[in-house]
Amino acid sequence: MTTTPDFAIQAHDLRCAYGDFEAVRGIDLEIRSGEMFALLGTNGAGKTTTMETLEGHRRADGGTLSVLGHDPYTERPRVRPRVGIMLQESGFAGELTVAETVDMWLALSSSPLGERGRRPDTAVEAMERLDLADRTDTRVVQLSGGQKRRLDLVLATITRPDLVFLDEPTTGLDPESRRRTWDLIETLRGSGTTIVLTTHYLEEAERLADRIAIMHAGRIAVEGTLAELVHDRPTQISFRRPAELSSADIDRALRTVVGPQRLETVAGDGVVLDVTDAQQALGRLLGWADSQGHRLENITVSQASLSDVFAQIAAGQQKQEELV
Amino acid sequence: MSTARQTKVIARTEWKLIARNKTVLFSATLFPLALTALYLIQDAEGPMAAAGLTSIMVAIFSSMTVYMTVTLTAVSRRQDLYLKRLRSGESSDVAIFAGITLPTALLCLAQMIVVVVVLAIIGFEVPVEPWWIVAAALGSIVSCLAMGLGTASVTPNASAAQMTTVPYFLFVIGSVFATPFADSQLMDLTPGGAVVTFARLAFDVPTPGSALTAAAGLVIWTAVGTEMARRFFRWEPRS
Ligand SMILES: Nc1ncnc2c1ncn2[C@@H]1O[C@H](COP(=O)(O)OP(=O)(O)O)[C@@H](O)[C@H]1O
Ligand SMILES: [Mg+2]
């Protein structure tokens with residue numbers, strides 16, 4: 001499979017199995033150079049397996065895969081010098097200090113930055129930005145979980161790779177560390193680095209990613225820009241049911257007023273409407289309330305968010321699990 | 001980025017780790033040295049005794065310092081996900097293997113040299129053809145290194161290593177002691193028998209074995225270990 005230079009990663013019908021269990025069940029991916037791509041999905045969806053296959057840690061069991069124009073597994077020596085990897089879980093030689101760890105990593109890379117005897121500015125800068133600068137002489141075993149995670153990120157990025165894989169880079173970080181991590185990732189992206197990231201924080205994907213894929217049970221359920229993902233999702237309008245109307249009254253009224261758009265009434269005194277054309281629905285709703293003399297309290301309109309899309313896919317997963 | 005340079009960087013790091021882990025340093029050094037001293041005070045004389053003592057020394061050092069340490073190192077570095085870390089960089093698999101095992105092999109070699117120097121100083125029997133001792137030492141170290149990686153490939157975790165290393169360790173030591181009794185060239189094909197044959201050649205003691213079959217024996221065990229590692233080695237605890 002040949003890769004046009006526009007694509008950092010191309011995968012077609014990619015599969016990866018552990019014994020009899022197929023964790024990745026035929027996914028297609030096209031990640032453009034310089035793009036920031038986020039892979040979302042519940043635990044066990046297959047994100048890490050996908051990442052490790054793209055990284056060349058595991059051999060794909062089916063399909064075709066090209067990373068920076070090569071097979072990442074069989075042509076590891078050609079791909080790796082241009083790639084930075086932050087695994088979901090990885091270890092350190094705990095008895096080394098932070099500085100020794102960074103220096104070893106540089107010495108193991110073919111990057112000219114790793115030339116003997118000097119720690120490049122990128123490393124110093126990254127450690128400062130991730131608040132590790134005063135930890136250089138600390139042994140890695142003594143670092144907190146969050147500090148180790150940040151050191152992980154430093155190692156994945158110090159050689160200025162063209163393509164960076166980050167598997168849950170911010171899981172377990174406090175909000176301040178997460179913000180620092182985001183800043184670093186944004187700087188990387190600004191410098192043209194292609195970034196593939198997995199995360200459980202949807203706002204992270206919303207904030208950073210050019211494109212998002214949501215995985216579910218080894219497949220990509222949806223994929224696109226944030227706008228594309230939420231485009232066809234209904235907008236939610238909710239308000240409190242006026243005391244003078246019963247649930248049945250309002251149900252009937254809304255059916256005629258709002259029309260064929262999807263409609264849902266919730267028990268109690270809350271009413272929730274899922275509509276595809278929010279402006280039209282809202283106009284009609286308010287017009288009806290005014291003309292009938294009803295007062296609608298607590299009106300809120302909420303645009304579908306990534307979290308709605310995600311919840312819907314995760315719910316599909318639950319249904320499937322119940323069937324098993 | 002050459003495998004040689006990667007190996008050097010990983011080995012240098014591994015050496016630091018050994019030097020900072022007093023327990024490993026202690027058990028990998030002191031125990032074999034003490035065992036050898038125990039044999040030295042037996043006060044045996046003559047080339048036959050010298051050949052026996054030399055083979056025991058080589059076998060104990062390579063099986064304890066190299067075989068057991070290599071197995072344990074590979075398994076615990078895998079368990080710590082340090083191997084996976086190394087493998088997420090540019091290092092080749094060969095560089096990682098060589099890097100984490102080389103320091104132990106060098107440590108073993110250093111121990112042997114110390115013992116040889118001590119023996120020379122106290123006026124021990126001088127070998128007629130000393131290069132056979134070098135052959136025994138290097139061959140035994142290399143085969144123990146390969147078998148250590150092979151054993152690590154079938155050892156799920158560090159505590160299991162206490163069990164999985166027992167058979168080959170006993171085999172090495174046992175075959176050293178069994179060789180004088182078996183009195184057959186077939187013993188050359190065992191890791192201990194090969195060492196005994198080389199030691200006898202060094203001190204010009206009659207032996208049913210030959211350099212060729214003894215070398216073949218050590219090559220076989222090196223190949224067995226290498227093949228086990230090639231087939232079964234896992235870079236991470238779960239895979
Ligand atoms: N080494 C492994 N051996 C067997 N099954 C595995 C292994 N790693 C992951 N799995 C299984 O594969 C599926 C996908 O896992 P993973 O890729 O880690 O998902 P995610 O990163 O999305 O949480 C899960 O069902 C998980 O239990
Ligand atoms: Mg994962």
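The values are calculated or read from the model by the stated rules, or taken from the named source; none is laboratory data. Just so we're clear, the structure is a prediction, and the values are computed from it rather than from any experiment. Positions of Cβ are generated from backbone atoms using ideal geometry, with glycine treated the same way; all protein chains shown enter the neighbour counts.
Considering region B:107-134, and only residues there that are under 30 Å from B:Ser153 (Cα atoms) and without any contact (Cβ under 8 Å) to a residue 40 or more places away in the chain, the residue that is surrounded by the most Cβ atoms within 10 Å (Cβ to Cβ) turns out to be B:Leu109. Just one residue in the set A:Ser177, A:Ser238 is touching a residue at least 24 places away in the same chain (Cβ under 8 Å), away from ligand 1 (no atom under 16 Å from the Cβ) and within 30 Å of A:Gln280 (Cα to Cα); that residue is A:Ser238. If you take the residues of region A:196-252 that are polar (S, T, N, Q) and more than 27 Å from A:Asp13 (Cα to Cα), which of them is modelled with the lowest pLDDT? Within region A:196-252, the match that is modelled with the lowest pLDDT is A:Ser247.
Test each condition in (1) more than 16 Å from ligand 2 (Cβ to nearest atom); (2) of a type outside the set (Val, Ile, Thr); (3) under 23 Å from A:Lys148 (Cα atoms) for A:His57 and report the one that comes out false. In the conditions (1) more than 16 Å from ligand 2 (Cβ to nearest atom); (2) of a type outside the set (Val, Ile, Thr); (3) under 23 Å from A:Lys148 (Cα atoms), A:His57 misses (1) alone. Only one entry in A:Thr48, A:Thr42 is more than 14 Å from every other protein chain (Cβ to nearest Cβ) and either within 20 Å of the chain's Cα centre (by Cα) or among the polar types (S, T, N, Q) (or both), namely A:Thr42.
Here A:Ile214, A:Ile195 are screened, and the one residue that is more than 16 Å from ligand 2 (Cβ to nearest atom) and crowded, with 22+ Cβ neighbours inside 10 Å is A:Ile195. None of A:Val83, A:Val102, A:Val79 is more than 13 Å from A:Leu14 (Cα to Cα), away from ligand 1 (no atom under 16 Å from the Cβ), in contact with a Leu (Cβ under 9 Å, 6 or more places away or on another chain) and at pLDDT below 95 except A:Val102.
State which residue is nearest to A:Pro169 (Cα to Cα) when the search covers only region A:78-93 and only residues that are free of Cβ contacts under 8 Å to residues at least 40 places away in the same chain and more than 7 Å from chain B (Cβ to nearest Cβ). Here the answer is A:Val79. Close Cβ contacts (under 7 Å, 6 or more residues apart or on different chains) running from residues in region A:50-73 that are touching a residue at least 60 places away in the same chain (Cβ under 8 Å) to residues that are aromatic (Phe, Trp, Tyr) comprise A:Met51/A:Phe165; A:Leu54/A:Phe165; A:Glu55/A:Phe165.
I need the full set of residues from region A:26-51 which are farther than 9 Å from A:Ala213 by Cβ, among the hydrophobic types (A, V, I, L, M, F, W, C) and more than 9 Å from ligand 2 (Cβ to nearest atom), in order please. Hits for region A:26-51 are A:Ile31, A:Met36. Beta carbons closer than 9 Å, at least 6 apart along the sequence or on distinct chains, pair a first residue in region A:24-48 that is within 11 Å of A:Ala221 (Cβ to Cβ) with a second that is among the hydroxyl-bearing types (Ser, Thr, Tyr) and within 16 Å of ligand 2 (Cβ to nearest atom) for A:Ile27/A:Thr50; A:Leu40/A:Thr198; A:Leu40/A:Thr199; A:Gly41/A:Thr198. Evaluation of A:Ser111 against the conditions (1) under 23 Å from A:Thr50 (Cα atoms); (2) hydroxyl-bearing (Ser, Thr, Tyr); (3) within 14 Å of chain B (Cβ to nearest Cβ) shows that the sole unmet condition is (1). Restricted to region A:186-278, the set of helices (runs of 4 or more DSSP H) holding at least 2 residues that are touching an Asp or Glu at 6+ places or on another chain (Cβ under 8 Å) comprises A:226-231.
Among residues of region B:87-98 that are more than 7 Å from chain A (Cβ to nearest Cβ), those with a Cβ under 6 angstrom from a residue that is assigned to a helix (DSSP H, G or I) and buried (at least 23 other Cβ atoms within 10 Å of the Cβ), sequence gap 6+ or separate chain, pair up as B:Ala95/B:Gln6; B:Ile96/B:Leu86.
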